[in-house]
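Report on the following structure.
The values are calculated or read from the model by the stated rules, or taken from the named source; none is laboratory data. Not measured: the values here are computed from a predicted model. Here the Cβ is made from the backbone with ideal geometry for all residues, glycine too, and neighbour counts use every protein chain on show.
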Amino acid sequence: MIQAAKNYIRFLWRCANLAFVGDWRYYLWTGTLIALCLVGLNAYCKQFVHGLVTTNMSDQVSWGVYISNFTFIVGVAAAAAMLVIPVYIYDNEELHDLVIFGELLAVASILMCLAFVTVDLGRPDRFWHLIPGIGQFNFPHSMLSWDVVVLNGYLVLNVYICGYLLYARYRGLKPTKWFYIPFVFIAIVWAISIHTVTAFLYVGLGGRHFWNSAIVGPRFLASAFTAGPALIILALQVIRKVTAYRITDKALLTLRGIVQVSMLINVFLLLNEVFKEFYSKSKNVSSATYLFFGLEGHHALVPWIWTAVIFNLIAMFLLILPMSRSLKWLDVACVLAIVGIWIEKGMGLVVPGFIPTPLGEIVEYSPSLNETLVCVGIWSFGFLAYTVFLRMSVPILQGRLSKATENTSMHDVVFPEEAQTIGGGSKQTAKA
Amino acid sequence: MSNCNQNSGNCGCNKPAEGVSRRSFLRTSAVAVAGVAAMAAALEPLRDLTDYTSMEKFFQKHYREMTPDEMGLVLKRIEKEVEKQYGIRPHVKDYKPMDGVEFVYCLNLTRCIGCRKCVHACAQENNLSRNPEMQYIRVLKMPHGSLNPEEGQHNYSPAQVPEKGFFYMPVACQQCRNSACSKVCPVKATWTESDGITVIDYDWCIGCRYCEAACPYFARRFNWTKPEVPKERLNPNMSYLGNRPRRQGVMEKCHWCIQRTRAGKMPACHDVCPAGARKFGNVLDPNSEVYHILREKRVFIQLKEEVGNNPRFYYYFDV
């Protein structure tokens, strides 16, 4: 028992050490991210002292970029399921090892989500009021309490699954199915639940017509399953480029299939919503009018949403056309889809819900500099977390960091190329 | 992996060359010092932090969990804090709902002239922040023929009210029976009491503003920064759930002047109204004016009835 704990602590220690080893590109990248994190932390400290007055939110538009980013990133986290489902339900071998990368992305995303919610709180010092048992948790009435449960649960599930599989690989043991397969299936359902619950956060508000629509939930899922795997496609190519890890084109093209179908559904659902809003011309169409065309001389969001629509449409056509079987075009489509959905699911969903107010007042919103810097900080933190996770997991998956190689220095674990050129390693070496 | 490429100079394995460890020690130290300095610079704004929280405040229980003794201590502490900040010793009480009372508010749209005297009386009574300026009541200038708030004007300022062709509709918290705000609050910091007033525990609210998004009446207000009330305008008659000074980062809203109404008085907005448009009272009392209005008036409405929150605030006409 003590030996097992010792082994595990040694494993964690070696992983932690690994985060500090890399070439100049790694140091430049993580150094930049850390600097941006600190810029964000500085901006948050200002907000902490002076209050949310440092943002451009108001009583009229009481949620802004923080909750917008939160909403988008929950979708990214949920999309890890889109890698897991093909592997564990359809036995897709091509994606098998890549599941870990998807789940690590989910972990980094949930950390970002929690950060975005925390910075949105007026009294972060009272966070403990949210802890079930100690505080006053309004479960099951408040959808926000559901969100606390599902997000933290999802975080734990993914940390556990990744942690278990990586540790098993590290020890050179075959993972015991019963120890993780049930959790994989729970995590699949859970992934869908995190985004559904986040959608219900909005859908449940009867006083806000723009959100109080049954299609919001399905649209959330469709856009999440577009933007998430698109982000994974890009991430996998970066991994392939900067590490010696082998990822096949076929795996990327499998993901392309997922993004393709999700994007079609996403655009179709958007069309449904637009039709319902504008054809019936009810009194409740003012938020949608504000979003797409502007209202009474106010059109701050109009350029944004049309950018999103155009990006989404171009991405959709690129994904349908055979040209996106070439990675260059696939990357373009993915970037367009991610940016388009980030606008649409973020600012395009959260902000117009508040405009006009329930009493018909029109107050516009665009983020303040301080608010933007906090967001930059949290995004950098997310990228940093994902980078560090990959730095730790890639050598484990390749067998370079394992119990058997306990006496190898961290430097050798990270830079195997030199060793491989002599040993005539079969693995493809990274291009510099 | 042990047979490392000796040609590459910077492979740190096996036997490191003499001096490398010293150099790497210096490098590590330099990075660590730079890191600490950068961290300190990032945290620098925290130096302006004054009176954020204390052990007592941090561990203070939810309003409904406190024993009378604990509440007594909290009220004393609040009095001391107010005295320290404003130089005035206030009376802070925890007014409880009265048995057999359910409050209802009725507002006569035929009579309201849109003078906004209620708005200002409310600010004075309830110690609303003057900087930034906060108001619980929003008066809408409505064109004849519509009750849709979207048709209303918020920022009217003619030389004289009322103006021809318009009527005026003051809107504040509607004290709903099925209140969306208390349903969505993740920490039960807002709830409806037995006399029908929806209250907020300012010391429990975490400031997530979900209630503000949920409210169909734009009734809730957030303290985006530290609220300021001039010393000479502070109302020293305070209640825990009502008009005691609020802190940065929490919600507040109209509570039907809990410190007045639970002591048998009428709300400030009611007393100040020069047109007699406001009627407030106990709907369970057959002799009350509100009982009479809801019984006798042919038309009275709840704002946004279709949303289903079932307000205790009614608008009626002289018909």
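Here are the numbers for the structure shown:
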| quantity | calculated |
| --- | --- |
| Members of segment B:169-189 that are surrounded by 23 or more Cβ atoms within 10 Å (Cβ to Cβ) and of a type in the set (Ser, Thr, Tyr) | B:179 |
| Residue match in segment B:279-288 (condition: part of a loop (DSSP other than H, G, I, E, B) and farther than 18 Å from residue B:97 by Cα) | yes |
| Segment A:191-204, residues that are in contact (Cβ under 8 Å) with a residue 40 or more places away in the chain and within 14 Å of chain B (Cβ to nearest Cβ) | A:197, A:198, A:200, A:201, A:202, A:204 |
| Verdict on residue B:238 being surrounded by fewer than 19 Cβ atoms within 10 Å (Cβ to Cβ), modelled with pLDDT of 95 or more and closer than 30 Å to residue B:87 by Cα | no |
| Whichever residue in segment B:133-162 is under 30 Å from residue B:250 (Cα atoms) and charged (D, E, K, R) and, among such residues, is modelled with the lowest pLDDT | B:150 |
| Residues that are crowded, with 18+ Cβ neighbours inside 10 Å and in contact (Cβ under 8 Å) with a residue 60 or more places away in the chain, drawn from segment B:139-162 | B:149 |
| Given (1) buried (at least 22 other Cβ atoms within 10 Å of the Cβ); (2) of a type in the set (Phe, Trp, Tyr); (3) free of Cβ contacts under 8 Å to residues at least 40 places away in the same chain, index of the condition residue A:128 fails | (1) |
| Condition check for residue B:203: more than 9 Å from every other protein chain (Cβ to nearest Cβ), closer than 21 Å to residue B:97 by Cα, part of a loop (DSSP other than H, G, I, E, B) and not small (Gly, Ala, Ser) | no |
| From the options B:106, B:122, B:112, residue that is part of a loop (DSSP other than H, G, I, E, B) and at pLDDT 95 or above | B:112 |
| Cβ-Cβ under 8 Å pairs, at least 6 apart or on other chains, segment B:163-175 side within 12 Å of another protein chain (Cβ to nearest Cβ), far side charged (D, E, K, R) | B:170/B:138; B:171/B:138; B:172/B:138; B:172/B:253; B:174/B:312 |
| Failed condition for residue A:324, given (1) crowded, with 22+ Cβ neighbours inside 10 Å; (2) at pLDDT 95 or above; (3) touching a Leu at 6+ places or on another chain (Cβ under 9 Å) | (2) |
| Of residues in segment B:48-75 being at pLDDT below 90 and among the β-branched types (Val, Ile, Thr), the one surrounded by the most Cβ atoms within 10 Å (Cβ to Cβ) | B:53 |
| Residues located in segment A:121-157, provided they are more than 7 Å from chain B (Cβ to nearest Cβ) and of a type in the set (Asp, Glu) | A:147 |
| Residue that is farthest from residue A:27 (Cα to Cα), among those in segment B:3-47 that are at pLDDT below 90 and at the interface with chain A (Cβ under 7 Å from one of its Cβ atoms) | B:3 |
| Subset of segment A:292-306 [surrounded by 18 or more Cβ atoms within 10 Å (Cβ to Cβ), in a helix (DSSP H, G or I) and over 25 Å from the mean Cα position of the chain (by Cα)] | A:292 |
| Total residues in segment A:324-366, condition closer than 23 Å to residue A:216 by Cα, in a helix (DSSP H, G or I) and among the acidic types (Asp, Glu) | 1 |
| Failed item in (1) closer than 16 Å to residue B:238 by Cα; (2) surrounded by fewer than 16 Cβ atoms within 10 Å (Cβ to Cβ), with residue B:90 passing the rest | (2) |
| Output for segment A:1-22, where each listed residue is aromatic (Phe, Trp, Tyr) and either closer than 17 Å to residue A:172 by Cα or in a helix (DSSP H, G or I) (or both) | A:8, A:11, A:13 |
| Only listed residue being touching a residue at least 40 places away in the same chain (Cβ under 8 Å), basic (Lys, Arg) and more than 7 Å from chain A (Cβ to nearest Cβ), chosen from B:221, B:233, B:209 | B:233 |
| Residue tally, condition part of a helix (DSSP H, G or I), more than 8 Å from every other protein chain (Cβ to nearest Cβ) and under 25 Å from the mean Cα position of the chain (by Cα), over segment A:37-68 | 9 |
| Condition check for residue A:95: touching a helix residue (DSSP H, G or I) at 6+ places or on another chain (Cβ under 8 Å), closer than 29 Å to residue A:216 by Cα and aliphatic (A, V, I, L, M) | no |
| Unmet criterion (only one of (1) modelled with pLDDT of 95 or more; (2) within 13 Å of another protein chain (Cβ to nearest Cβ)) for residue B:130 | (2) |
| Selected residue [crowded, with 20+ Cβ neighbours inside 10 Å, in contact with a Cys (Cβ under 8 Å, 6 or more places away or on another chain) and either among the hydrophobic types (A, V, I, L, M, F, W, C) or more than 20 Å from residue A:92 (Cβ to Cβ) (or both)] from A:230, A:224 | A:230 |
| Selection count, segment A:390-409, where residues are of a type outside the set (A, V, I, L, M, F, W, C), assigned to a loop (DSSP other than H, G, I, E, B) and in contact (Cβ under 8 Å) with a residue 24 or more places away in the chain | 4 |
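A quick yes/no check of all residues on (1) in contact with a Ser or Thr (Cβ under 8 Å, 6 or more places away or on another chain); (2) at pLDDT 95 or above; (3) closer than 30 Å to residue A:261 by Cα; (4) hydroxyl-bearing (Ser, Thr, Tyr):
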| site | (1), (2), (3), (4) |
| --- | --- |
| A:330 | yes, yes, yes, no |
| A:363 | yes, yes, no, no |
| A:373 | no, yes, no, no |
| A:376 | no, yes, no, no |
